[in-house]
Amino acid sequence: MEFLKQYNIAFAEGNVAFLTKNVTDDIVWNVIGDKKIEGKENFVKELEEMQAVKASELKLDQILSHGKEGAANGWMTMVNGKKYAFSDFYVFQSAKGEKIKSITSYCMEV
């Protein structure tokens with residue numbers, strides 16, 4: 001669970017190096033209702049594009065982890081004042097949770 005906490009903090013901070021270091025080469029990021037990003041190269045491009053808007057606050061409500069799966073949900077407030085609620089579901093490469101193989105994200109502006 002500590003890893004997922006750090007991963008979400010890195011996302012809010014725009015720490016692309018940390019995020020990409022901790023995913024598999026064949027990462028699949030499915031942002032429900034928006035897009036599906038496949039492969040580490042496309043994942044990095046997407047993260048770099050998201051750098052334009054930074055988060056000013058991150059609040060994690062819950063973090064769960066069991067075996068090869070994990071989840072986190074919470075709120076992010078961006079520097080432009082927009083606020084988003086999110087839930088992310090993770091599948092790890094192994095039960096040790098060393099690298100993320102897939103992410104399914106639900107995100108909505110509130």
Completion exercise
Row for the stretch 1-102, column shape: gyration tensor on C-alpha, a ≥ b ≥ c, rounded if a/c < 1.5 i.e. under 1.5, prolate if a/b over b/c, else oblate; value oblate
Exercise for the section: Could you state the accessible area per residue of the chain in Å², with a 1.4 Å probe and every protein chain left in place? Expected result: 60
Exercise for the section: Kindly work out what percent of the DSSP beta bridges joining two residues of the chain are antiparallel, to the nearest 5. Expected result: 85
Completion exercise
In nanometres, the difference between 0.36 nm per residue of separation and the alpha-carbon distance of VAL91 and CYS107 is 4.0 nm
Problem - Spread of Cα-to-Cα distances over 10 Å intervals beginning at zero, given as percent, for the stretch 56-110 - result: 25, 43, 26, 6
Handout entry: Dipole in debye (nearest 20) - the stretch 8-96, about Cα centre, beta carbon charges: Lys, Arg +1; Asp, Glu -1
Key = 180
Fill in the blank from the handout: In whole Hz, the Karplus estimates of ³J(HN,Hα) for the stretch 29-42 (6.51, -1.76, 1.60; θ = phi - 60°; x where Gly or Pro) are 10, 9, 8, 4, x, 10, 7, 10, 9, 10, x, 4, 4, 5
Practice task
Identify all aspartates and glutamates with a Cα-Cα distance to LYS96 below 12 Å; exclude those on the same chain that are fewer than 8 residues away in sequence.
Solution key: GLU69
Practice task
Could you name the lysines whose alpha carbon sits less than 22 Å from that of LYS59, not counting residues in the same chain fewer than 8 places away?
Solution key: LYS5, LYS82, LYS83
Fill in the blank from the handout: Residues other than VAL91 with Cβ under 12 Å of its Cβ, Lys/Arg counted +1 and Asp/Glu -1, net out at 0
Practice task
Among ILE100, LEU60, LEU19, pick out the residue whose Cα is farthest towards the positive end of the charge dipole of the chain, where Lys and Arg carry +1 and Asp and Glu carry -1 on C-beta, about the Cα centre.
Solution key: LEU60
Handout entry: Value of [θ]222 nm, deg cm²/dmol, for the chain, DSSP H segments ≥ 4, -39500 (n - 2.57) each, nearest 500
Key = -7500 deg cm²/dmol
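The values are calculated or read from the model by the stated rules, or taken from the named source; none is laboratory data. Fair warning: this is a prediction, and the values are worked out from it, not measured in the lab. No Cβ is skipped: glycine too gets one built from the backbone with ideal geometry, and neighbour counts run over all protein chains shown. Just so you know, the surface numbers come from the protein's heavy atoms only, side chains and all, with ligands and any DNA or RNA stripped out. Shrake-Rupley method; radii C 1.70, N 1.55, O 1.52, S 1.80 Å.
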